[in-house]
Amino acid sequence: MKRRNFLKNASLTGLGLAVAPAIASCETDDKKVKKSTGKTVVPVVVATWRFHNATKAAWEVLEKGGTSIDAIEAGCRVEEADLKNTTVGNGGAPDRDGNVTLDACIMSKDGGYGAVVCMENIAHPISVARKVMEETPHVLLAGKGAEQFAVEQGFKRENLLTEASKKAWEKWKVKSEYKPIINIENHDTIGMLAIDKNGDISGGCTTSGMAYKMAGRVGDSAIIGSGLFIDNAIGGATATGMGEEVLKTVGSYLIVELMRQGRTPQEACEEGVKRIVASNPNYQNFQVGYVALNKQGEYGCYCIHGGFGISKFQEGKQTYIDSKAYTKKG
Ligand code: ASP
């Protein structure tokens, strides 16, 4: 079943540029709600961590005038295909039983959402998530059902456990201790937000989850409002790190709602992290990082512990922004 949305795009005002649509359509009683600024927005992509190849691929789509949803899919696919990246897609670290299970979601400017969780044997969950959004009456498919749907859609089954990941898992099995380590590769989900020349924002988030997790464990990354949330009237947010903590605080939704109430992306990310810290005295032992982008193209990021940062691509220039951290505050 198709449920494509044929909403007309906003008209262009110039090559690669657009006037940000009014955000006053989001009526709330809060006086802090930002009304339309009429400001020009330059296409931009931001992503968690140093995923420079991914933001480059997304930028190439935006630069050619492509849509933010196409940019997101193209960018996320780069990391999913990278066998050296043991935290996303093919080559991802397995669960404690040695099975690679992937979670991913995508959100469009129209409020569309598609996701897969705990999916095995398919290398590009972000693309399957997009198919769920565009080709089914559902928003989230899990496990075998997700895999079956992917195969029906033409994705090929493949073994995602590389020799290197298998060896690392066999070494881990000797002690079998589930101890996520701050800022080590097992926190490297890619969450990506992009604004295109129409001023429309989309987002994606894709991961193999925490290394050596229990079988069937699903983190925040593919869950709407937790690992990712997009509201084309306001902006978007995405997360990386200890998924359980992001899920409990519905972090990305919280950040977008705070931006709706007038907080900057930076302020909203900081509040998102503080909610986690306030509710969990164990915060010294895990990491969470957020990145947010509002419709004016302003971004922010914040994390519990230093070491997190974001990759940004705009106007042909790539930058890495080291995130401020809760435990490093002066
Ligand atoms: N957030 C991901 C999860 O909990 C993991 C990560 O970001 O590394 O599955």
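Rg and Dmax, both from the Cα atoms of segment 63-146 and both in Å, are 13.1, 44.
Across segment 103-162 the C-alpha pair distances fall into 10 Å bins from zero in the proportions 27, 57, 15, 2 percent.
Take the Cα atoms of the chain, build their convex hull, and give its volume per residue in Å³.
Spread over its residues, the Cα hull of the chain gives 126 Å³ apiece.
Extension gain for GLU135 to THR40 (0.36 nm times residue separation, less C-alpha to C-alpha distance): 30.8 nm. Pairwise Cα separations in segment 167-300 fall into 5 Å bins from 0 onward with the following percentages, short to long: 2, 11, 21, 21, 18, 11, 8, 4, 2, 1, 0.
Extension gain for ASN99-GLU271 works out to 58.4 nm (0.36 nm per residue, less the C-alpha to C-alpha distance).
The reciprocal of the average 1/r between distinct C-alpha atoms defines the Kirkwood hydrodynamic radius, which for segment 281-330 equals 12.0 Å.
Provide, for q = 0.18 Å⁻¹, the log10 of I(q)/I(0) from a solvent-free Debye sum over equal Cα point scatterers in segment 30-179. Here log10 of I(q) over I(0) equals -1.08. A Förster radius of 30 Å combined with the Cβ-Cβ distance from LEU83 to GLU63 puts the calculated FRET efficiency at roughly 0.65.
Which percent of the accessible area of the chain is formed by carbon and sulfur heavy atoms (probe 1.4 angstrom)?
For the chain, the apolar C and S fraction of the accessible surface comes to 52 percent.
Rounded to the nearest 10 degrees, the inclination of helix 251-260 to the longest alpha-carbon principal axis of the chain is 10 degrees. Entry comment: accessible area of the chain is 42 Å² per residue, from protein heavy atoms only and a probe of 1.4 Å. Note on GLU298 and LYS248: with the Förster distance fixed at 35 Å, the Cβ-Cβ geometry gives a FRET efficiency of about 0.80.
Secondary-structure-derived ellipticity at 222 nm for the chain, considering helices only, amounts to -8500 deg cm²/dmol, per-run term -39500 (n - 2.57) for DSSP H runs with n ≥ 4. Binning all Cα-Cα separations of segment 37-100 at 10 Å, short to long from zero, yields these whole-percent fractions: 22, 40, 24, 10, 3, 0. Between ASN285 and LYS175, the modelled label-to-label distance comes to 1.4 nm, taking each label 7 Å out from Cα in the direction of the beta carbon.
The Cα atoms of segment 126-215 give a gyration tensor whose axes a ≥ b ≥ c have a/c of 1.5 or more with a/b no greater than b/c, which makes the shape oblate. Size descriptors for segment 223-293 (Cα atoms only): Rg and Dmax, in that order, 11.1, 36 Å. Would segment 169-240 count as rounded, prolate or oblate if I go by the C-alpha gyration tensor, calling it rounded below 1.5 in a/c and otherwise prolate when a/b exceeds b/c, oblate otherwise? Here segment 169-240 falls in the prolate category. Note on segment 243-330: along the principal axes its Cα atoms extend 42, 28, 26 Å, ordered by decreasing extent. Expressed as an acute angle from 0 to 90° and rounded to the nearest 10, what is the orientation of the C-alpha long axis of helix 143-152 relative to the principal long axis of the chain? Rounded to the nearest ten degrees, it is 70. For the residue pairs LYS144/LYS248; LYS131/LYS328; LYS84/LYS179; LYS248/LYS324, the C-alpha atoms sit more than 32 angstrom apart in LYS131/LYS328. Distance between the pseudo-spin-label points of ILE321 and ASN53 (7 Å out from Cα toward the beta carbon): 2.5 nm.
Across segment 276-293, computed HN-Hα scalar couplings (Karplus, 6.51 cos²θ - 1.76 cosθ + 1.60, θ = phi - 60°) run 5, 4, 5, 9, 9, x, 7, 4, 4, 9, 9, 10, 9, x, 10, 10, 9, 9 Hz from first to last residue, x flagging Gly and Pro.
The values are calculated or read from the model by the stated rules, or taken from the named source; none is laboratory data. This one's a predicted model, so the numbers in the text were calculated from it and none came from an experiment. Cβ atoms come from the backbone with ideal geometry, glycine included; neighbour counts cover every protein chain shown. Remember, those area values only see protein heavy atoms, side chains included, never the ligands or the DNA or RNA. Shrake-Rupley method; radii C 1.70, N 1.55, O 1.52, S 1.80 Å.
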